[in-house]
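Trainee: Dropping the structure in here first, questions after.
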């Protein structure tokens, strides 16, 4: 089949698919908003609880453990309550977790309460990550062009807004308790309103549901597929997918890119304060620069991926990430390390969304496959905070970031696992030039 030119007219999108897509835009924004609200105030929480750098790494572990639990429970939770119900439940959990963190950090000044709140926040974040990405992969296929980077750009927009609000609250001296309480309410209300337009299916890409006619999706309230999966079938599907080595390699890319993104989310504000001498508000603004650069990368990423393919998209962004990290670590000049932050953000922009899309190329067991690669990616969030915290305590926070370079190199070499493999999608979408997307 002849390659479709990038300028070919885009197919018309049914109103139901537009509503579905737009609802997911909001869910992605909300997800970024509540997560960056927390990370933008890490220095303030550290000061409020009088913690050392390595202990900060341990409380960040609470988010990661909660996220791993969320990734594990997402498929059976989605099977039991449907996509709409599942997203609603976990967004409420995330909002409540954020409020508990604010209460524990300022009102009670309690380390255990903050850890519990972060675990709940992480659980909501991990579970919604799986559900919204599976639903986004489904609508991407039915719309017929690459929109997953745009979905994740919405997440980045949420993080930009959350980090900006966090910086303003820090500069104005607004209590972490009130900041987090208001953001919790926004998370819950916006999520509940938006999710009404998401099809209430247990897995919109899975098994027989994948073979359903597109007409089935004309009504977002109709559950897709001839039957709902049992709990045991859902758990079995989560185990079977690990036998796919291509999926494991996709997970390695996710690991490297998630570590690159997560290390910035967790540590860039603190590294800017301790390593480059900025105040807490300045550290939050550096985080805002990072997420803004990542947002730009995701906004322009879709057309770029359609032109050069996933493989070279990952390789180019990984190289940019390496250069950016070296500038941030090694060059004390504000102009240089801010430029490094921009490159670091561009480098982290496409790995997670393209990994999710690649995992969903095979429509069999799509939720389990997405959960599997997300699980590997979230290992970065599990191991990253304590590793960087420990190394930062011993060698300085900037030197601790060298570990990110190793994982970026691994992602570079494992990038071929993300090649488009699904013929039906390939026929509907603009194709990359084979010479630009080698195996």
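Only the coordinates and a few stated rules stand behind these numbers; no lab work does. None of the values given here were measured: they were computed from a predicted structure. Virtual Cβ from ideal backbone geometry, glycine too; neighbours counted across all protein chains shown.
Trainee: Among 175-181, 26-32, 87-93, 120-126, what's the highest-first ranking by average C-beta atoms within 10 angstrom per residue?
Mentor: In descending order of packing, they fall as 120-126, 26-32, 87-93, 175-181.
Trainee: Let me ask you something else. For the stretch 28-135, how big is the tail of P(r) above 15 Å, as a whole percent of Cα pairs?
Mentor: Numbers: 3414 of 5778 pairs.
Within the stretch 28-135, distances greater than 15 Å cover 59 percent of Cα pairs.
Trainee: Once the principal axes of the Cα atoms of the stretch 48-111 are found, what is the range along each, listed largest first in whole angstroms?
Mentor: 43, 23, 11
Trainee: Let me ask another. Which peptide among 393-403, 101-111 comes first, and what is the full order, when sorted by highest mean count of other Cβ atoms within 10 Å? Don't skip to the end; give the middle numbers.
Mentor: Working: 393-403: 16.9, 101-111: 19.2.
Most protected by this proxy first, the peptides run 101-111, 393-403.
Trainee: Right, another one. Please compute, for the alpha-carbon atoms of the stretch 104-147, the extent along each of the three principal axes and give them in descending order in Å.
Mentor: Answer, in whole Å and largest first: 51, 14, 10 Å.
Trainee: Once each part is reduced to its C-alpha centroid, what is the distance from the stretch 10-55 to the stretch 112-172 in angstrom?
Mentor: A separation of 3 Å, based on Cα centres.
Trainee: For the stretch 62-191, what percent of Cα pairs sit more than 24 Å apart?
Mentor: Numbers: 2767 of 8385 pairs.
The calculated P(r) of the stretch 62-191 puts 33 percent of pairs beyond 24 Å.
Trainee: Averaged over every viewing direction, what's the projected area of the C-alpha convex hull for the stretch 251-313? Give it in nm², one decimal, please.
Mentor: Working: hull surface 19.6 nm².
So the mean shadow area of the Cα hull is 4.9 nm².
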